[in-house]
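Only one structure is covered here, and it is reproduced in the block below.
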Amino acid sequence: MNLFYLPAVLLFLVFVIYPFIQGGFLSLTNWNGYSQSYKMVGLKNYVRLFTDGNVGTAFLNTLIYGFGSTLLQNVLGLALALFLNGKFRGRSVLRTVIYLPVMIAPLIMGYVMYFFFSYNRGAINDIVLALGGQMVDWMASGPRAVAIMTVVNALQFVGVSMVIYLAGLQNIPQMYYEAAAMDGIGKAAQLRYITLPLLMPAIQSAVVVNLIGGLKLFDIIMALTSGGPGYASHSLSTLVHRTYFGSENAGYASAIGLVSFLLIMVIGTLVTRYFTKKEVEM
Amino acid sequence: MKKTLSLVLTAALSLSLLSACTPAADPQPSSGGAKPSAPTVSTPATPSGEKVELTFMTNVVGEKAAALESALKGFEAETGYTVEFSAPGDSYEELMKTKMSSNELPDVFTTHGWSVARYSEYLMPVNDMEFAGRISDQIKPVITDSEGNMFVLPIDIDIAGIVYNVDVLADNNIDPDSLKTWDDFAAACAVIKAAGVSPMHIGGKDTWTIGQFFDWVAPSFYVTDESASKAADLKAGKFDVPTWTEIAQMMADWTAAGYFNPDVLTADYNSDMEALATGKTAFCFYGPSAIMDAKGVNADASLGMMPIPAASDGDAPSLIAGEDIAVGIWKDTKNAAAAQELLNYLARPEVAGAIAKAAGNSSGLTDVDVELGDIKTYFDKYKSVETFPYFDREYLPSGMWDVMCATGAEILAQKSGAVEDAGKIMEQSFLDKYAG
């Protein structure tokens, strides 16, 4: 019997499964997050969750962060990978430059971006003013803030998708392209009928990793808007944080966390299944 | 196999989202939510020769933290003890809540206004300590619970009004002492606005700055007018919605009139200080520590502090009094004797005075004279003005602060129905938490 997996299983049990069960239990209480006492409230937190407009907003935002980031990251990542898979001078430098933002902590990236989008002396508004326009309070509108943060997140992590696609592209045997070229197949058709089907495992990995990262988006939101104005740009993750620590509703925060888990689990599973069906054998 | 692996990976990554929602140790269920009885003071003697290591955590940062750290170094030099100092800044409250949940607190820590309402369950009473008799009458009611226990050494007192830029008011011929009511204040804002300066500045990205507005305004509507005070109702668990709606409406009216900075929802506290220090705004709803912070931006800035206007002609302006740097001892510390030594050391007039000076506040001890420079002028000038506790700390259940901030942000964003919603949401949260 192979016992080498035991340490990993133990760590997973202690640091993920046990807290998960605890979180599920807490969601049935009114615990404030720090007191030594609490009351059991049954399913009250779950009932409240489904009638809470702020949860609805955060839920919608979470989907936008998740799917929006994934779409941008994968379209751009694939385009960059196709471009940088060619042989030309300086491609290694370009790959490094595109991957570099991944090395920066998202929180730091958020604070850097804050100085871009600030109303006063923000880099974007400076450009707008230089072009003769009016200053805009970019983050004052919830939907606009959500869109900006989706783009910021996608651009920061586009390097991850690019690397996954580069690895995938390099695994596709050249003979398919050579055969296609001999048959007079154009580049667009090669992309559609050879590259994309054979890249499906890479697309699956990139989409699932990006999607889960986007659905859990936290740091950039905290740095750029703290979920505001009001609750307008919260994701479910930041809402859990605010509800737990700010509103001192740890029980309710646990219920939101549990529902977030189910949401990500279901979406992740469906996406995985979809791409698994699309895979072709090389 | 690959499919199974993908599904497991999905589940694992998703689970990590929820794993944060758990206490470090199990809290105990209670049927009535009653607070545990006050802990008894135990002062075990430190065994001779044993190395004593104390942990000290504080919410304060900057000059205040530097002054505290300097005092702790003095204590270390005098006693030979080691004090591990930690000032985590913004994450302090979250860290402390986590520590409280696991009942593993620092030996000594600051309570940022919550020594009674939030931390008393975890603190050792200080009534029998030497400095207790020297605690100022001004702060004593704020740090005393219903059973007469005090839990902290109040090194200074936060006496707060509205801070203002002296030059901006002078340029517009506004005498701050003439602003007796909110109507007077709004009229002054109109003049300042017409002069092209933002009358008030709120850094709403740091949501707590929005809560400040309500903490400053609410007492004048609820408690300062003795003839119409709703203090008893609030204490009895009754929240008056129409009064809160009046406050919310005032904020909405001022927003519509453009009395707040245009980036009120996205600016932060630092930009408040910059605007105040550079004359880009007239008023900020902060205490005297903001004067110190703004002076850090522009040392030549001329800044002052005025009492908070009343809601009606029949009432008088008031000030807010609260804890600032208040230090308590964890009731279960294994270093109780050393921790008490530390508090006694911090209570020495020269030590407490130096820390209070860095905070820009008057002392919480009667025999400590603090060199406050310009700020002292305002403390002396308004020493007869009646003080009231911070509204949220005294009259609202813990956890309401965030509700004030969130509902305020909706009003500042001019969201439809935000004024009416503010009152309803505040009442609902108040009742939920009060019943807690």
**Item:** Under-5 Å amide H pairs with B:Met305, H placed in peptide plane, nonlocal only
**Value:** B:Tyr164
**Prompt:** With charges set only on the Cβ (+1 for Lys and Arg, -1 for Asp and Glu), what does the dipole of chain B come to about its Cα centre, in debye to the nearest 20?
**Reply:** 1140 debye
**Request:** Between the alpha-carbon centers of the stretch B:360-420 and the stretch B:108-177, tell me the distance in whole angstrom.
**Result:** 10 Å
**Prompt:** Do the sum for chain A: with -39,500 (n - 2.57) for every DSSP H run of n ≥ 4, divided by all residues, what is the mean residue ellipticity at 222 nm, to the nearest 500 deg cm²/dmol?
**Reply:** -19500 deg cm²/dmol
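Under the rule a/c < 1.5 gives rounded, and otherwise a/b versus b/c splits prolate from oblate, where does the stretch A:18-175 land using the Cα gyration tensor?
oblate
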**Request:** Give the long-range amide H neighbours of B:Val83: residues separated by 5 or more places, or on another chain, with amide H under 5 Å away, using H modelled in the peptide plane at 1.01 Å from N.
**Result:** B:Leu54
**Item:** Given 13 as the ceiling on other Cβ atoms within 10 Å, longest exposed-site-free region of chain A for trypsin sites (Lys or Arg not before Pro) in DSSP loops
**Value:** A:122-282
**Asked** What's the center-to-center distance, using Cα atoms, between the stretch A:34-111 and the stretch B:223-291 in Å?
**Response** 35 Å
**Prompt:** What are the trypsin sites (Lys or Arg not before Pro) within the stretch B:389-435 that DSSP puts in a loop, where the Cβ has at most 14 other Cβ atoms within 10 Å?
**Reply:** none
**Message:** Whole-Hz ³J(HN,Hα) for each residue in the stretch A:186-203, computed from phi via Karplus 6.51 cos²θ - 1.76 cosθ + 1.60 with θ = phi - 60°, x for glycine and proline: what do you get?
**Reply:** x, 4, 5, 5, 4, 4, 6, 9, 10, 4, 4, x, 7, 8, 3, x, 5, 4
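For chain B, what does the helix formula give at 222 nm: sum of -39500 (n - 2.57) over DSSP H segments with n ≥ 4, over the residue count, nearest 500 deg cm²/dmol?
Taking each H run of at least 4 residues, the total per residue is -13000 deg cm²/dmol.
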**Complete:** Any residue on another chain or 5+ positions along whose placed amide H is under 5 Å from the amide H of B:Leu365 is listed here as B:Ser136
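How much net charge surrounds B:Gly196 when only the other residues with a Cβ under 15 Å from the Cβ of B:Gly196 are counted, with Lys and Arg +1 and Asp and Glu -1? Mind showing how you got there, number by number?
Working: positive: B:Lys193, B:Lys280; negative: B:Asp167, B:Asp171.
Once positives and negatives cancel, what remains is 0.
Could you compute the net charge surrounding B:Leu234? Neighbours are other residues with a C-beta less than 9 Å from the C-beta of B:Leu234; K and R count +1, D and E count -1. Write out the running numbers ahead of the final one.
Numbers: positive: B:Lys230, B:Lys235, B:Lys238; negative: B:Asp233, B:Asp240, B:Glu394.
Spelling it out: positives minus negatives among the neighbours equals 0.
Calculate the dipole size of the protein assembly as shown relative to its Cα centre from +1 charges on Lys and Arg beta carbons and -1 charges on Asp and Glu beta carbons; express the result in debye to the nearest 20.
Working: 46 positive and 71 negative charges, 825 e Å.
I would put it at about 3960 debye.
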**Fill in**
For the stretch A:213-221, Karplus-derived ³J(HN,Hα) couplings (6.51, -1.76, 1.60; θ = phi - 60°; whole Hz; x for glycine and proline) come out as x, x, 5, 9, 3, 9, 4, 5, 5
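Given the alpha-carbon gyration tensor of the stretch A:45-104, what are the semi-axes of its equivalent ellipsoid in whole angstrom, ordered largest first, with each equal to the square root of 5 times an eigenvalue?
Working: eigenvalues 327, 27, 7 Å².
Sorted largest first and rounded, they come to 40, 12, 6 Å.
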**Message:** Connecting C-alpha atoms closer than 10 Å in a GNM of chain A, tell me which of A:Gly213, A:Gly227, A:Gly132 has the biggest fluctuation.
**Reply:** A:Gly132
**Prompt:** Which of the pairs B:Lys180/B:Lys357; A:Lys39/B:Lys99; B:Lys97/B:Lys415; B:Lys97/B:Lys433 have their Cα atoms more than 26 Å apart in this structure?
**Reply:** B:Lys180/B:Lys357; B:Lys97/B:Lys415
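Rounded if a/c is under 1.5, else prolate if a/b beats b/c, else oblate: with a ≥ b ≥ c from the C-alpha gyration tensor eigenvalues square-rooted, which is chain A? Before the final figure, lay out the partial values.
Numbers: a/c = 2.37, a/b = 1.35, b/c = 1.75.
Here chain A falls in the oblate category.
I'd like to know how the stretch B:244-307 sits against the 2.2 N^0.38 Å rule of thumb: what's its Cα Rg over that expected value?
Working: Rg = 13.0 Å, N = 64, 2.2 N^0.38 = 10.7 Å.
Against the empirical 2.2 N^0.38 Å value, I get 1.21 for the stretch B:244-307.
In debye to the nearest 20, how big a dipole does the stretch A:61-233 give about its Cα centre with +1 on each Lys and Arg Cβ and -1 on each Asp and Glu Cβ?
Numbers: 9 positive and 5 negative charges, 55 e Å.
In total the dipole reaches around 260 debye.
When a/c is below 1.5 the answer is rounded, else prolate if a/b is larger than b/c, else oblate, so apply that to the stretch A:167-282 with a ≥ b ≥ c taken from the square roots of the Cα gyration tensor eigenvalues.
On the way: a/c = 4.76, a/b = 2.89, b/c = 1.65.
Taking the square roots of the gyration eigenvalues as a ≥ b ≥ c, the stretch A:167-282 is prolate.
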**Whichever aspartates and glutamates have a C-alpha closer than 17 Å to that of B:Lys381, once near sequence neighbours (fewer than 8 apart) are set aside** = B:Asp158, B:Asp175, B:Asp177, B:Asp369, B:Glu371
**Request:** Estimate the FRET efficiency between A:Tyr5 and A:Ala105 by the formula 1/(1 + (r/R0)^6), using the beta-carbon distance for r and 35 Å for R0, to the nearest 0.05.
**Result:** 0.70
**Prompt:** Could you give me the ³J(HN,Hα) list for the stretch A:265-274, computed from phi with Karplus coefficients 6.51, -1.76, 1.60 and θ = phi - 60°, whole Hz, x at Gly and Pro?
**Reply:** 4, 5, 4, x, 5, 4, 5, 4, 4, 4
**Fill in**
Charge tally for neighbours of B:Met57 with beta carbon under 13 Å away, counting Lys, Arg as +1 and Asp, Glu as -1, is -4
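FYI, it's all coordinate maths here, none of it is from the lab. Keep in mind the model is a prediction, meaning the values are calculated, not measured. Glycine also receives a Cβ, built like all others from the backbone with ideal geometry; neighbour counts cover every protein chain displayed.
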